[in-house]
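First comes the structure, then the notes that go with it.
The values are calculated or read from the model by the stated rules, or taken from the named source; none is laboratory data. This is a predicted model, so every value here is computed, not measured. Here the Cβ positions follow ideal geometry from the backbone for every residue, glycine too, while neighbour counts run over all protein chains shown.
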Amino acid sequence: MRKMINIVAIASFAFSAIGASEVTGNVKFIGKGPKAKPIRMDADPVCAASHQVAAKSESFIMDKDGNLANVLVYFKGVKYSGNVPSTPAVLDQAGCVYTPRVIGVQAGQTVKILNNDATMHNIHGLPKVNREFNKGMPKSLKEISTVFEKPEDVFVIKCDVHPWMKNYTQVFDHPYFAVTGSDGRFSIPNVPDGTYEIVAWQEKFKNKVLTQSITVKDGAASVNFEFTRPKKK
Ligand SMILES: [Cu+2]
């Protein structure tokens with residue numbers, strides 16, 4: 001295993017030497033965050049029975065060190081002329097929760113929507129620029145797919161059967177975006193040298209995105225974000 005890690009490290013070093021960098025970083029919340037509340041799924045016994053311990057709201061996931069998960073980090077106003085990825089983005093419905101909670105996709109990229117539950121979902125996307133979609137997925141329908149053709153700022157995808165189910169999706173015209181993991185970290189690979197505006201979005205801070213400028217040159221670049229509780233007036 002150790003050997004493999006070394007090889008990967010060498011490979012990424014070689015790659016950075018030719019002028020494409022990886023932008024990494026961390027997103028934190030400074031202060032005491034709200035407690036994640038358990039979701040009441042009693043309205044659908046199949047959903048409730050799929051959790052031994054009640055699932056918790058994922059609108060604000062912070063670890064004990066303040067690292068924030070599910071933050072969408074992306075470059076803004078960047079020009080890109082490469083291909084749309086042939087691998088689809090995947091949005092799963094499992095345990096009557098959308099996984100991932102937050103996704104970025106590229107315009108024109110296929111989005112695979114799975115139903116891993118033995119119950120009916122009705123997936124309802126509420127984009128404004130792209131076409132709204134609304135599709136019943138009975139338990140027998142395990143997979144559908146959709147495509148967002150145009151770039152669009154973040155919008156909600158919800159389930160019309162289970163009101164607690166919520167996903168946030170943003171559609172990009174470039175591949176420079178990532179979502180933070182449970183350790184608050186993100187990684188945006190293959191970034192050409194240049195200066196970029198980089199944005200961090202978290203659903204609780206809808207209208208208060210954080211923006212920074214980052215210059216990428218010859219190797220890895222790093223940028224951190226800190227959300228704070230809005231000041232009371
Ligand atoms: Cu549902």
Response to the item:
Counting only strands (runs of 3 or more DSSP E) wholly inside segment 80-123, the ones holding at least 3 residues that are within 17 Å of the chain's Cα centre (by Cα), away from the ligand (no atom under 16 Å from the Cβ) and hydrophobic (A, V, I, L, M, F, W, C) are 102-106
Item to complete: Could you tell me which of the residues Asp44, Asp63 is over 24 Å from Asp153 (Cα atoms), of a type in the set (D, E, K, R) and within 16 Å of the ligand (Cβ to nearest atom)?
Response: Asp44
Worksheet, complete the sentence: Among strands (runs of 3 or more DSSP E) entirely inside segment 138-233, those with 1 or more residues being within 16 Å of the ligand (Cβ to nearest atom) and either at pLDDT 95 or above or at positive phi (or both) are 143-147, 152-159, 166-172
Worksheet, complete the sentence: If you go through Val53, Val90, the only one that is within 25 Å of Trp164 (Cα to Cα), surrounded by 14 or more Cβ atoms within 10 Å (Cβ to Cβ) and among the hydrophobic types (A, V, I, L, M, F, W, C) is Val90
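Look through Ala55, Ala36 and report the one residue that is within 16 Å of the ligand (Cβ to nearest atom) and either over 30 Å from Asp193 (Cβ atoms) or modelled with pLDDT of 95 or more (or both).
None of the other options fit; the residue is Ala55.
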Worksheet entry | Filter result for Thr110 (without any contact (Cβ under 8 Å) to a residue 24 or more places away in the chain and surrounded by 14 or more Cβ atoms within 10 Å (Cβ to Cβ)) | no
Worksheet item: How do the pairs read when you match residues in segment 22-33 that are touching a residue at least 24 places away in the same chain (Cβ under 8 Å) with residues anywhere that are among the hydrophobic types (A, V, I, L, M, F, W, C) and not in a strand (DSSP E or B), using Cβ under 7 Å and keeping only pairs 6 or more apart or on different chains?
Response: Glu22/Ala220; Thr24/Ala220; Val27/Val71; Gly33/Phe60
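When you look at Glu149, is it without any contact (Cβ under 8 Å) to a residue 60 or more places away in the chain and among the acidic types (Asp, Glu), yes or no? Show your work before the answer.
Working: without any contact (Cβ under 8 Å) to a residue 60 or more places away in the chain: yes; among the acidic types (Asp, Glu): yes.
Yes: the conditions hold for Glu149.
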Practice prompt. Output the residue which, of all residues in segment 200-223 that are crowded, with 18+ Cβ neighbours inside 10 Å and touching a Ser or Thr at 6+ places or on another chain (Cβ under 6 Å), is nearest to Ala20 (Cα to Cα).
Written response: Val216
